[in-house]
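Student: Below are the structure tokens for one structure; questions will follow.
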Amino acid sequence: MAVKSVTCVAPVNIAVIKYWGKTDEKLIIPLNDSLSGTLHTDHMCAKTTVAISSKFSKDRMWLNGTEESLDNPRLLACISEVKDRARSAGKLTEEELQWNVHICSENNFPTAAGLASSAAGYACLVYALAMLYKIDGDVSVIARRGSGSACRSIYGGFVQWIAGTNPNGTDSIAQQIVPASHWPEMRVLILVVSDSRKKTSSTSGMQRSCENSELLKHRVAKCVPERMSEITKAILKKDFETFAKITMQDSNQFHAVCLDTYPPCVYMNDVSHGIANLIHTINKFAGRTVAAYTYDAGPNACLYLLEKDVPGVLAAVNHVFHTDTKKEEYYRGLSVDLVD
Ligand code: 2P0
């Protein structure tokens with residue numbers, strides 16, 4: 001039986017300037033630009049196989065071994081955008097374009113625990129489909145339709161997601177600022193505080209913030225544009241001090257917006273705050289900025305730091321927060337570098 005298939009892996013990205021809020025829910029157009037580092041796929045990644053065949057009787061999808069419904073508008077939007085582009089590219093026959101698709105995807109890290117699982121998952125799916133249907137050009141614009149942050153996982157290194165100005169979203173795309181090789185000493189330490197599913201999804205949390213957070217308006221109008229410009233300069237100059245300060249300030253402001261939302265979205269817990277305090281203490285006693293923390297829509301800490309400081313920071317974290325699997329809250333350290 002004729003089957004065409006492609007398997008891809010795609011990495012997680014960790015934002016240093018956060019995406020929070022949309023101007024268009026359906027097209028997933030963000031309120032503000034954002035910026036992230038793309039992690040190496042060795043440790044945290046999504047792996048997806050896509051296949052088409054004349055013998056497949058319907059579209060089907062499996063996620064981490066369990067069959068899931070394809071009745072998801074975001075998933076369908078990604079598939080249909082890829083097929084539209086494939087039709088214009090003309091590298092597959094119309095008959096092949098009509099074949100049903102099977103999708104098999106898995107993550108090697110907690111799903112929906114605020115560790116960018118949807119970002120890696122949709123980036124992987126869209127990239128694999130793009131290879132299967134032989135489409136050219138930027139596909140971050142399609143990955144965005146699956147999950148906003150997924151567009152940033154299409155590229156390696158430090159990546160900017162430009163919000164864009166076009167109401168149809170065609171210019172809301174990701175682009176690489178620098179490859180990982182620009183700053184090869186950069187590391188990210190993931191401290192898993194909890195791998196349980198988050199209470200408020202990012203999608204509904206940001207929707208609520210848009211409805212009633214005054215702080216979000218100030219953040220979007222003033223803080224993010226200034227920070228995007230400053231942190232980009234810091235990355236180009238490899239100025240860790242400035243990079244780290246902006247990263248921590250933006251994480252703190254994002255969580256302040258979450259608390260300014262009514263009812264509030266609470267993502268960080270006592271262990272998360274404890275880790276943030278520890279980083280400030282380490283930085284103070286070292287007399288320089290050794291590490292920067294950042295937290296997404298969950299309690300897990302991501303630390304950006306340089307390779308030379310990984311052993312010291314890990315030792316301090318291990319000393320203060322004992323691994324105790326009997327407790328519901330624990331952490332696990334994972335040091336990863338960025339990918340090109
Ligand atoms: C980010 N987050 O920039 C921010 C920081 C969470 C906190 O992107 O609705 O899962 O699918 O577009 O992409 C999470 O948002 O939300 C996110 P949707 P997504 O990484």
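Student: When Ala128 is evaluated against the numbered criteria (1) over 24 Å from Gly164 (Cβ atoms); (2) within 19 Å of the chain's Cα centre (by Cα); (3) surrounded by fewer than 22 Cβ atoms within 10 Å (Cβ to Cβ), which criterion, by number, is the only one it fails?
Tutor: (3)
Student: Criterion first (surrounded by 18 or more Cβ atoms within 10 Å (Cβ to Cβ), touching a helix residue (DSSP H, G or I) at 6+ places or on another chain (Cβ under 9 Å) and not β-branched (Val, Ile, Thr)) does Cys78 satisfy it?
Tutor: Working: surrounded by 18 or more Cβ atoms within 10 Å (Cβ to Cβ): yes; touching a helix residue (DSSP H, G or I) at 6+ places or on another chain (Cβ under 9 Å): yes; not β-branched (Val, Ile, Thr): yes.
Answer is yes for this residue.
Student: Quick one: which strands (runs of 3 or more DSSP E) sit completely within region 1-75 and have at least 3 residues that are farther than 18 Å from Ser147 by Cα?
Tutor: Numbers: elements: 3-11, 13-17, 22-24, 34-38, 45-53, 60-63, 66-68.
The qualifying strands (runs of 3 or more DSSP E) are 3-11, 45-53.
Student: Here's a follow-up. Within region 214-231, is even one residue aliphatic (A, V, I, L, M), within 16 Å of the ligand (Cβ to nearest atom), in the same structural domain as Leu76 (by TED's automatic domain parsing) and surrounded by fewer than 21 Cβ atoms within 10 Å (Cβ to Cβ)? Let's see the steps before the verdict.
Tutor: Going residue by residue through region 214-231, those that are aliphatic (A, V, I, L, M) are 215-216, 220-221, 224, 228, 231.
The next check asks that each one be within 16 Å of the ligand (Cβ to nearest atom); those that pass are 215-216, 220, 224, 228, 231.
Checking which are in the same structural domain as Leu76 (by TED's automatic domain parsing) leaves us with none.
No, that holds for no residue.
Student: How about region 132-151: which of its residues are away from the ligand (no atom under 12 Å from the Cβ), assigned to a loop (DSSP other than H, G, I, E, B) and small (Gly, Ala, Ser)? If you could, list the steps in order and put the result at the bottom.
Tutor: As a first pass, look at region 132-151 and keep what is away from the ligand (no atom under 12 Å from the Cβ): 132-142.
Now narrow it down to the ones that are assigned to a loop (DSSP other than H, G, I, E, B): 133-139.
Gly137, the sole residue that qualifies.
Student: Could you check, for region 152-168, whether at least one of its residues is away from the ligand (no atom under 16 Å from the Cβ), at pLDDT 95 or above and aromatic (Phe, Trp, Tyr)?
Tutor: No - not one qualifying residue is present in region 152-168.
Student: Additional query: Mind telling me which of the residues Ile103, Ile52, Ile29 ends up being surrounded by 13 or more Cβ atoms within 10 Å (Cβ to Cβ), under 30 Å from Gln253 (Cα atoms) and in the same structural domain as Thr170 (by TED's automatic domain parsing)? Reasoning before the result, please.
Tutor: On the way: Ile103 fails: under 30 Å from Gln253 (Cα atoms); Ile52 fails: under 30 Å from Gln253 (Cα atoms).
Ile29 is the lone residue from the list that is surrounded by 13 or more Cβ atoms within 10 Å (Cβ to Cβ), under 30 Å from Gln253 (Cα atoms) and in the same structural domain as Thr170 (by TED's automatic domain parsing).
Student: Continuing with this model, one more query. For region 190-248, what are the residues that are acidic (Asp, Glu) and at pLDDT below 95?
Tutor: Start the filter on region 190-248 by keeping residues that are acidic (Asp, Glu), which leaves 195, 211, 214, 226, 230, 239, 241.
Asp195 - this is the single residue of region 190-248 that is acidic (Asp, Glu) and at pLDDT below 95.
Yes or no, residue by residue, for (1) at pLDDT 95 or above; (2) outside any helix (DSSP H, G or I); (3) in the same structural domain as Ser194 (by TED's automatic domain parsing):
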| residue | (1), (2), (3) |
| --- | --- |
| Lys83 | yes, no, no |
| Glu95 | no, no, no |
| Phe109 | no, yes, no |
| Ala123 | yes, no, no |
| Ala128 | yes, no, no |
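Student: Output the residues belonging to region 187-213 that are within 13 Å of the ligand (Cβ to nearest atom) and touching a helix residue (DSSP H, G or I) at 6+ places or on another chain (Cβ under 6 Å).
Tutor: Ser209
Student: Being surrounded by 13 or more Cβ atoms within 10 Å (Cβ to Cβ) and either at pLDDT 95 or above or not assigned by TED's automatic domain parsing to the domain that holds Arg144 (or both) is the filter here, so list the residues in region 60-74 that pass it.
Tutor: Passing the criteria: Arg60, Met61, Trp62, Arg74.
Student: Of a type in the set (A, V, I, L, M, F, W, C) and crowded, with 22+ Cβ neighbours inside 10 Å: does that describe Met206?
Tutor: Details: of a type in the set (A, V, I, L, M, F, W, C): yes; crowded, with 22+ Cβ neighbours inside 10 Å: yes.
For Met206, the condition - of a type in the set (A, V, I, L, M, F, W, C) and crowded, with 22+ Cβ neighbours inside 10 Å - is met.
Student: Considering only region 84-91, I want to know if a residue exists there that is within 23 Å of the chain's Cα centre (by Cα) and of a type in the set (Asp, Glu).
Tutor: Initially, region 84-91 is screened for residues within 23 Å of the chain's Cα centre (by Cα), giving none.
No, region 84-91 contains no residue that is within 23 Å of the chain's Cα centre (by Cα) and of a type in the set (Asp, Glu).
Student: To continue, here is another question. Being of a type in the set (A, V, I, L, M), in contact (Cβ under 8 Å) with a residue 40 or more places away in the chain, assigned to a loop (DSSP other than H, G, I, E, B) and in contact with an Asp or Glu (Cβ under 9 Å, 6 or more places away or on another chain) is the filter here; which residues of region 164-220 pass it? Break it down stepwise before answering.
Tutor: Initial filter on region 164-220 (of a type in the set (A, V, I, L, M)): 173-174, 177-178, 180, 186, 188-193, 206, 215-216, 220.
Among the residues that remain, those that are also in contact (Cβ under 8 Å) with a residue 40 or more places away in the chain are: 177-178, 180, 186, 188-193, 206, 215-216, 220.
From the residues that got through so far, the ones that are assigned to a loop (DSSP other than H, G, I, E, B) too are 192-193.
Matches in region 164-220: Val193 only.
Student: Just to verify a result, which residue in region 143-177, among those that are farther than 20 Å from Ala10 by Cα and out of contact with any Gly (no Cβ under 9 Å at 6 or more places or on another chain), is surrounded by the most Cβ atoms within 10 Å (Cβ to Cβ)?
Tutor: Residue satisfying both the conditions and the ranking: Ala163.
Student: Take region 286-306 and flag every residue that is farther than 17 Å from Ser272 by Cβ and either within 13 Å of the ligand (Cβ to nearest atom) or part of a loop (DSSP other than H, G, I, E, B) (or both).
Tutor: Gly287, Arg288, Thr289, Val290
The values are calculated or read from the model by the stated rules, or taken from the named source; none is laboratory data. Since the structure is predicted, the reported quantities are computational estimates derived from the model, not experimental observations. Virtual Cβ from ideal backbone geometry, glycine too; neighbours counted across all protein chains shown.
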